[in-house]
Amino acid sequence: MIVIGSDHGGLALKEAIEAALVARGMDVKDFGTDNGDSVDYPDFAEKVAGAVSRGEADLGILACGTGIGMSIVANKFPGVRAALAADEFMARMAKEHNNANILVLGGRVLTAEQAVKMVSVWLDAHYEGGRHQRRLDKITRLEAAARAGKL
Ligand code: RB5
């Protein structure tokens with residue numbers, strides 16, 4: 001399952017992305033927001049990143065105005081590797097090198113068409129492992145140290 005969420009700044013991207021994911025035949029859960037009223041991005045990042053962190057979802061997508069706030073919140077969750085991407089190259093690298101399990105996009109940075117293409121590139125890319133796994137293992141060790149109060 002893939003979980004998605006946005007604030008008002010990312011709503012248009014989320015709606016376009018959701019339609020594209022459904023068209024791909026994916027099982028999508030939408031945590032909102034559902035209208036253009038001003039809301040707080042941490043509330044939606046918490047739902048999406050929490051579901052990925054707990055293993056209730058395989059992947060997530062978040063969008064706010066810039067993608068910055070969503071990234072900051074999502075990366076607080078253990079096991080979450082949320083990647084803020086600004087173009088197709090970054091979206092591909094987010095999977096190939098970082099094995100990002102959440103893609104973060106900016107609704108005031110990208111058009112819906114660009115965002116949908118980037119999501120498709122990220123989903124179709126493959127994690128390369130190898131030297132990149134050593135680096136991801138170091139992130140996991142840092143998370144454990146943070147939990148133990150040893151950072
Ligand atoms: C909301 O105005 C805006 O701050 C939010 O969408 C996001 O860009 C935060 O990083």
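The values are calculated or read from the model by the stated rules, or taken from the named source; none is laboratory data. Everything numeric here is computed off the predicted structure, so don't read it as measured data. Glycine also receives a Cβ, built like all others from the backbone with ideal geometry; neighbour counts cover every protein chain displayed. When the accessible area is computed, the model is the full protein with side chains, heavy atoms only, and any ligands, DNA or RNA have been set aside. Shrake-Rupley method; radii C 1.70, N 1.55, O 1.52, S 1.80 Å.
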Legend entry - Inter-residue pairs, beta-carbon under 6 Å, first of a type in the set (A, V, I, L, M) and in the range 54-68, second more than 16 Å from the ligand (Cβ to nearest atom) and assigned to a strand (DSSP E or B), 6+ apart: Ala57/Val3; Leu59/Ile2
Inset, instruction - Grab the helices (runs of 4 or more DSSP H) fully contained in the range 37-147, keeping just those with 1 or more residues being of a type in the set (Lys, Arg). - result: 41-53, 88-96, 112-124, 131-147
Inset, instruction - Just give me the residues in the range 3-35 being within 17 Å of Ser71 (Cα to Cα), touching a helix residue (DSSP H, G or I) at 6+ places or on another chain (Cβ under 7 Å) and open to solvent by less than 30 Å² (accessible area, probe 1.4 Å), in sequence order. - result: Val3, Ile4, Gly5, Ser6, Asp7, Leu13, Gly32, Thr33
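Yes/no matrix, rows are residues, columns are (1) away from the ligand (no atom under 16 Å from the Cβ); (2) open to solvent by less than 30 Å² (accessible area, probe 1.4 Å):
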{"site": "Glu46", "(1), (2)": "no, no"}
{"site": "Glu56", "(1), (2)": "yes, no"}
{"site": "Asn75", "(1), (2)": "no, no"}
{"site": "Leu84", "(1), (2)": "no, no"}
{"site": "Asp87", "(1), (2)": "yes, no"}
{"site": "Asn99", "(1), (2)": "yes, no"}
{"site": "Met118", "(1), (2)": "yes, yes"}
{"site": "His126", "(1), (2)": "yes, no"}
